[in-house]
Amino acid sequence: MERMQALDAVRALTAYGIRKGLIEREDSIYAANSLLDVLGLEPEGSFAPDAEDLAEDLPLEEILGVLLDDAVARGRIDSGIASRDLFDTRLMGCLTPRPSEVIRRFRELYEAEGPAAATDYFYALSKDSDYIRSYRIRKDRKWVSHTRYGDLDITINLSKPEKDPKAIAAALTKKQDAYPRCLLCPQNEGYAGRLDHPARQTIRLIPLTLDGADWYMQYSPYVYYNEHCIVLSAAHVPMKIERATFRRLLEFIRIFPHYTVGSNADLPIVGGSILTHEHFQGGHYTFAMAKAGIRREISIRGYEDIRAGIVEWPMSVIRLNGRDMDRMVDLADRILTVWRGYSDASCGIMAETEGTPHNTITPIARMRDGEYELDLVLRNNRTSEEHPLGIYHPHAELHHIKKENIGLIEVMGLAVLPARLLTEMEALKDAILEGRAPEEDLILQPHAAWAREILDRHPAFRPENVRNTPEARKALDAVIEDEIGQVFARVLEHCGVYKDDEEGRKGFARFIEAV
């Protein structure tokens, strides 16, 4: 089919906006003129979509591609990915409903049809406006690996760069005088962006009140799981786990009982990627940790009305269940307060070093059978000469697969692995099927020891046995995926402050007694 011209693409994009409900039919001339202005085009005749335009459901990526290529050819923008992303977001901003319209529609649906209808609308809008670039997200690799802790979700992320843990920590002390101050500030709504900051004409925020403070809900542009939302403070204040955190999490799931929501911890190494702006992450998804059972029931004196237990999970998790929000908050705050000051040298746990705190909690909230459920994951960010990136962080032997901080999403059992693995794993499979030693390939050297372990566990792929056939590659694909999943399980084990052995179980029991 002959590639469409820029003016045809303007008509097609206007029609797309009508089909998706971003604009009404009556808005078509206005929207088309807005697009023409951004593009610097001066057409002849009418550009309101006709019936034929509305019937032709062209992929959004194709329509935008035509307009971007035309803008590059005419010198409106350069050909870099950042410039193209800034420009196509500006185009889609011409079609995206104003914030007040989105908020009004969201609230109407919430009152008339319930919270799920409201979030369904908001999520669809975020995708249709191209704020969530679904055509990029579809390229991510995803699978499930069965481990002793249940089925873990594994993803290789192809739409977001890998972050360095030291850079994340350094962001806490970096002077922030730019506008908007960070990617999570509500001032991003409608911001045109710049080469070092994404355009946000298509982002929309839903105002919330949590524990008497102004917060907002939006969706993540990377959607690691279904309806991956971000709940952010109106104020640009650092992450902080405190009593108010537990109440805000529980209030959020009271408003949206079909969602899970949690907070990254508030210390470097164990605190996820953005520590400079208080926020939560949630969504309409059941994580592996939520499916995990209770390893041992416990009882906290004075809180016998709240069911509690240690979760069967590689990290150290206390689960609370109850119907009374105030009581849940009280007990969670008590556990946090004790943990903040708790040390146990026999398990390598130190609350502080020369005044620098090490203990904090990653909390996760959900509704289960009409009750509030709160998982409290004990975290410690101490480092050592042997483990300079963190004692309770993926150790060096696992960095070939995962080096980044283990934040909230991965704590719950969903691995977000770097894009480099896609190329490296294909190279590794080539080497194995061709009987070559991985050490001979520069990019495979970090994986060499792990590759030898894989061949020990799967002797059919040793050089003397392997045959390079389509069937062998398919079988090896499954083996490599499973082995990556097992590495992720070990990553979580490394991050657990109490190991699942006799000494770890005794240490955990001592902490429970201290509570």
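The values are calculated or read from the model by the stated rules, or taken from the named source; none is laboratory data. Bear in mind the structure is a predicted one, so any value in this text is a computation, not a measurement. FYI the Cβ positions are ideal-geometry reconstructions off the backbone, even for glycines, and counts take in every protein chain you see.
At a glance:
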item: Filtered residue count, the range 358-370, keeping only those that are buried (at least 16 other Cβ atoms within 10 Å of the Cβ) and out of contact with any His (no Cβ under 9 Å at 6 or more places or on another chain); result: 9
item: Cβ pairs under 9 Å, 6+ apart, first in the range 329-357 and on the phi > 0 side of the Ramachandran plot, second surrounded by 18 or more Cβ atoms within 10 Å (Cβ to Cβ); result: G348/N380; G348/R382; G348/I391; G348/Y392; G348/V497
item: Output for the range 206-223, where each listed residue is buried (at least 21 other Cβ atoms within 10 Å of the Cβ) and out of contact with any helix residue (DSSP H, G or I) (no Cβ under 6 Å at 6 or more places or on another chain); result: W215, M217, Q218, P221
item: Out of I306, I298, sole residue that is closer than 16 Å to V377 by Cα and over 26 Å from the mean Cα position of the chain (by Cα); result: I298
item: Filtered residue count, the range 5-34, keeping only those that are within 21 Å of D70 (Cα to Cα), buried (at least 16 other Cβ atoms within 10 Å of the Cβ) and in contact (Cβ under 8 Å) with a residue 60 or more places away in the chain; result: 8
item: Count of residues meeting criterion [at pLDDT 90 or above and part of a loop (DSSP other than H, G, I, E, B)] in the range 6-52; result: 8
item: Conditions (1) over 14 Å from E242 (Cβ atoms); (2) surrounded by 16 or more Cβ atoms within 10 Å (Cβ to Cβ): number failed by G355; result: (2)
item: Selected residue (criterion: surrounded by the most Cβ atoms within 10 Å (Cβ to Cβ)) from residues of the range 73-99 that are acidic (D, E) and part of a helix (DSSP H, G or I); result: D88
item: Long-range neighbours under 6 Å by Cβ, at least six apart or interchain, first residue crowded, with 18+ Cβ neighbours inside 10 Å within the range 471-499, second in a helix (DSSP H, G or I) and basic (K, R); result: L476/K429
item: Selection count where residues are assigned to a strand (DSSP E or B) and touching a residue at least 24 places away in the same chain (Cβ under 8 Å), scope the range 178-212; result: 5
item: Residue within the range 58-72 that is surrounded by 15 or more Cβ atoms within 10 Å (Cβ to Cβ), of a type outside the set (A, V, I, L, M), over 18 Å from S159 (Cα atoms) and modelled with pLDDT of 95 or more present; result: yes
item: Total residues in the range 432-462, condition of a type in the set (V, I, T) and either surrounded by fewer than 14 Cβ atoms within 10 Å (Cβ to Cβ) or over 19 Å from E481 (Cβ atoms) (or both); result: 1
item: Qualifying residue in the range 487-498 (condition: under 31 Å from the mean Cα position of the chain (by Cα) and either small (G, A, S) or farther than 30 Å from R382 by Cβ (or both)); result: yes
item: Qualifying position, being surrounded by fewer than 21 Cβ atoms within 10 Å (Cβ to Cβ), over 24 Å from L152 (Cβ atoms) and either outside the structural domain of H228 (by TED's automatic domain parsing) or not hydroxyl-bearing (S, T, Y) (or both), among E386, E373; result: E386
item: Selected residue (only one of E481, E426, E439 is outside any loop (DSSP other than H, G, I, E, B), modelled with pLDDT under 95 and not assigned by TED's automatic domain parsing to the domain that holds I300); result: E439
